[in-house]
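Participant: Handing you a structure now.
The values are calculated or read from the model by the stated rules, or taken from the named source; none is laboratory data. Note that the structure is predicted; figures quoted are calculated from it, not measured. Neighbour counts are summed over all protein chains in view; Cβ atoms, including those assigned to glycine, are modelled from backbone coordinates with ideal geometry. Remember, those area values only see protein heavy atoms, side chains included, never the ligands or the DNA or RNA. Shrake-Rupley method; radii C 1.70, N 1.55, O 1.52, S 1.80 Å.
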Amino acid sequence: MSASPNSLRAQASGAMPRLHPGAGFAVGDETALVELQSIAKSFGPVEAIKNVSLKLRRGRVHTLLGENGAGKSTLMKILAGVHEPTKGKLFLRGQHVTFSCPSDAQAAGISIIYQELSLAANLSVAENIFAGHEPRRLGIVDFRSLYQRAQDLLDDLGIDIDVHTPVARLSMARRQLVEIAKGLSRNAELVIMDEPTSSLSDREAEVLFNIVGKLKARGAAVVYISHRMDEIMRISDDISVMRDGEYICTHDKNETTIGALINLMVGREMSDVYPRRATPLDTAQPALLEVRNLTIEGKFHDVGFAVRPGEIVGFFGLIGAGRSDVMSALFGLGRPQGQIVMNGKPLRLRSPESAISAGIAFVTEDRKHEGLVLMHSIAHNVTMASFERKGSRFGILNSRFEERETRDAIARMKIRAAGPHQAVGNLSGGNQQKVVFSKWLALKPRVLILDEPTRGVDVGAKFEIYRVMRELAGAGTAIILVSSELPEALAMSDRLVVMREKRVVKEFETAGLTQEAVMSYATGAVQA
Ligand SMILES: Nc1ncnc2c1ncn2[C@@H]1O[C@H](COP(=O)(O)OP(=O)(O)OP(=O)(O)O)[C@@H](O)[C@H]1O
Ligand SMILES: [Mg+2]
């Protein structure tokens, strides 16, 4: 905490922030709730933000749009008091303020829902929601009131979760809902949502859009970050585009189009996001991986499907349908009943190691906990799954191998980084996802399981991932694609397996298939 007289420590004890001394008049725009003026932020040699100015108004949803690494999260972390800007000023209700830690920003009425979930897995939902501002009586945490208030908050938000549940037991989607509730547990005037829907299915996203509507009605300003263009067009009032750390422009939602925004964002024309298959699939080939009657009581029941070499089989279902649990079982996690057959031979998967040695790779949906070692370099992360198999002799990693694989990965996936040795934790969210993807590609798997591989990646990077999927399939890899984005699942898959309530309810050929047909099975409107 700096000793600067305009710092907001006074605000924490109930006083209002004061004018910047010497200004003599209100220097910011008082009609804007928050104004960022010529903000810049560098991390060593990396210029993450260069001279960005923005105004955020009450009762409006202001969306930030930009490719992975454009600087969106960094800019918002400056507003949230996580980073101090290298240059520039912040104004709150026309008054110059400085935040030197997150609690300064919180005290000033700014709340942020982080892109990378910040929950403590061993604590309950309620403890997480009120972490740092637990209700107290006589100085002691009042647990009755804590649980009651947390439950009231969730009920009010329309989120159906028991507040006593430890967060570790929740799915990614539910954790994200808890993260949202946590961000809303203080009555903030500015609410920043950094990719809040990235782990949510359409149905849960609706819950969030309702919440956004309520915040607007209450007169709060909302900053919204997302890569999902359709939802951006639905909920935004103002849309600002950032590119390479720079502010490009702001448009009223009603005066722009998705196409125009994408062009501004990537700085070039993008026509088709989904690359087509280059050669038709050879359907005469026998299955590479076949699953029969796979069951883990309570998680999924009687699941059966097959994937041929070169085929992409999509898995679609609402959150909680059981798709991720099936994929974990195929990766040696869990002890399913039933059969897994690879190349005609039964496969016993006792652990992820046994799955990897059978040629199965798994890109998980939870990059923070399963996919990456954030403290380590890109090089280490990209090669860690494969070095035991190829790059090392007697367990010693061949650094030339590591260097080459990593440079290939950075070029192939267009990972935006200072170099192969940058720590993964410092990459933007979407670039971390590209590292997860690269790590499993370095294994050259025969079966590649992708669980929401394009979550949080921008349109340009999505295209790269799709292109690599096509390339791998073309070379004979069997791919299983779990996706909650129906257009993606339809465009990329040859066949689509629909799960509902922990069972396979339908299998489709995707040629000519409509979203409506798939949804009717996924929601149960049509019974299998
Ligand atoms: N702590 C840090 N140290 C070094 N570099 C950082 C740090 N935080 C962010 N960066 C860099 O700043 C740039 C902007 O990252 P930021 O996370 O703001 O992007 P973003 O627009 O939110 O992207 P995404 O859509 O992928 O979430 C990236 O090049 C990133 O590597
Ligand atoms: Mg980000």
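Participant: Please list, in order along the stretch 354-359, the HN-Hα scalar couplings obtained from phi with the Karplus expression 6.51 cos²θ - 1.76 cosθ + 1.60 (θ = phi - 60°), rounded to whole Hz, x for Gly and Pro.
Facilitator: 5, 5, 4, 6, 7, x
Participant: Next question, about the same structure. State the answer as a single residue: which of SER53, GLN95, VAL363 lies farthest towards the positive end of the charge dipole of the chain, with beta carbon charges of +1 for Lys and Arg and -1 for Asp and Glu, about the Cα centre.
Facilitator: VAL363
Participant: Also: Have a look at LEU261, HIS83, LEU157 and report the one farthest towards the positive end of the charge dipole of the chain, computed about the Cα centre with Cβ charges (Lys/Arg +1, Asp/Glu -1).
Facilitator: Sorting the options by dipole projection puts first HIS83.
Participant: Can you give the translational diffusion coefficient of the chain in µm²/s, computed by Stokes-Einstein from the Kirkwood radius over Cα pairs at 37 °C and 0.692 mPa s?
Facilitator: Values: Rh = 24.6 Å.
For the chosen part, D equals 133 µm²/s.
Participant: Relative contact order for the stretch 118-186: what is it in percent, counting Cα pairs under 8 Å that are at least 6 residues apart? Each step should come with its number before you reach the end.
Facilitator: Values: 72 pairs, mean separation 31.1, N = 69.
Computed value for the stretch 118-186: 45 percent relative contact order.
Participant: Another question, if that's okay. Considering Cα pairs under 8 angstrom that are at least six residues apart, work out the relative contact order of the chain and quote it in whole percent.
Facilitator: The value is 15 percent.
Participant: Let me ask something additional. Count neighbours as other Cβ atoms within 10 Å of each site's Cβ, and list the trypsin sites (Lys or Arg not before Pro) in the stretch 297-366 that are DSSP loop with at most 12 such neighbours.
Facilitator: Listed in order of number, the matching sites are ARG348, ARG350.
Participant: Per residue, how much accessible area does the chain show when a 1.4 Å probe rolls over the protein heavy atoms, in square angstrom?
Facilitator: 43
Participant: Further, regarding this structure: Specify whether the C-alpha gyration tensor of the stretch 312-374 places it in the rounded, prolate or oblate class, a ≥ b ≥ c being the square roots of the eigenvalues: rounded for a/c under 1.5, otherwise prolate if a/b is larger than b/c and oblate if not. Let's see the in-between values first.
Facilitator: Working: a/c = 1.83, a/b = 1.23, b/c = 1.48.
Because a/c hits 1.5 or more and a/b fails to exceed b/c, the stretch 312-374 counts as oblate.
Participant: Now a separate question. For a 20 Å ceiling on Cα separation, which of these pairs sit above it: LYS41/LYS89; LYS345/LYS506; LYS55/LYS253; LYS41/LYS414; LYS72/LYS434?
Facilitator: Going by Cα-Cα distance, LYS345/LYS506; LYS41/LYS414 fall outside the 20 Å limit.
Participant: Out of the total accessible area of the stretch 68-156 (probe 1.4 Å, heavy atoms of protein only), what percent is carbon and sulfur?
Facilitator: That fraction is 50 percent.
Participant: Note the full-extension length gain between LEU123 and GLU47 as 0.36 nm times their separation in residues minus their Cα-Cα distance, in nm to one decimal.
Facilitator: 23.7 nm
Participant: For the stretch 33-103 and the stretch 150-198, what is the separation of their Cα centres, given in Å?
Facilitator: 24
Participant: How large is the Kirkwood hydrodynamic radius of the stretch 118-186, counting all unique pairs of alpha carbons, in Å?
Facilitator: Numbers: mean 1/r = 0.0849 Å⁻¹.
Here the Kirkwood hydrodynamic radius works out to 11.8 Å.
Participant: Given a 1.4 Å probe and heavy atoms of the protein chains only, how would you sort THR283, THR98, THR256, largest accessible area at the top?
Facilitator: THR283, THR98, THR256
Participant: Test of understanding: what is the full-extension gain from SER38 to ALA168, defined as 0.36 nm times their sequence separation minus their Cα-Cα distance?
Facilitator: Working it through step by step, the gained length comes to 42.7 nm.
Participant: So, in Å, what gap is there between the alpha-carbon centers of the stretch 120-142 and the stretch 227-251?
Facilitator: Spelled out, the Cα-based centre of one part sits 35 Å from the other.
Participant: Go ahead and estimate [θ] at 222 nm for the chain from helices alone: -39,500 (n - 2.57) per DSSP H run with n ≥ 4, summed, over the residue count, rounded to 500.
Facilitator: Estimated from H runs of four or more residues: -9000 deg cm²/dmol.
Participant: About its Cα centre, how strong a charge dipole does the stretch 118-186 have in debye, to the nearest 20, once Lys and Arg get +1 and Asp and Glu get -1 at the Cβ?
Facilitator: 200
Participant: Here is a further query. Taking GluC sites (Glu not before Pro) as exposed when DSSP calls them loop (any state but H, G, I, E, B) and at most 11 other Cβ atoms lie within 10 Å, what is the longest stretch of the chain free of them, the sites themselves excluded?
Facilitator: On the way: sites that count: GLU269, GLU297.
My reading of the result: 1-268 is the longest stretch.
Participant: Here is a follow-up. To the nearest 20 Debye, how big is the dipole of the chain about its Cα centre, given +1 on the beta carbon of each Lys and Arg and -1 on that of each Asp and Glu?
Facilitator: Magnitude of the dipole: close to 980 debye.
Participant: Going by the alpha-carbon gyration tensor, a ≥ b ≥ c the square roots of its eigenvalues, is the stretch 105-223 rounded (a/c under 1.5) or, if a/c is not under 1.5, prolate (a/b greater than b/c) versus oblate?
Facilitator: Oblate, since a/c reaches 1.5 and b/c is not below a/b.
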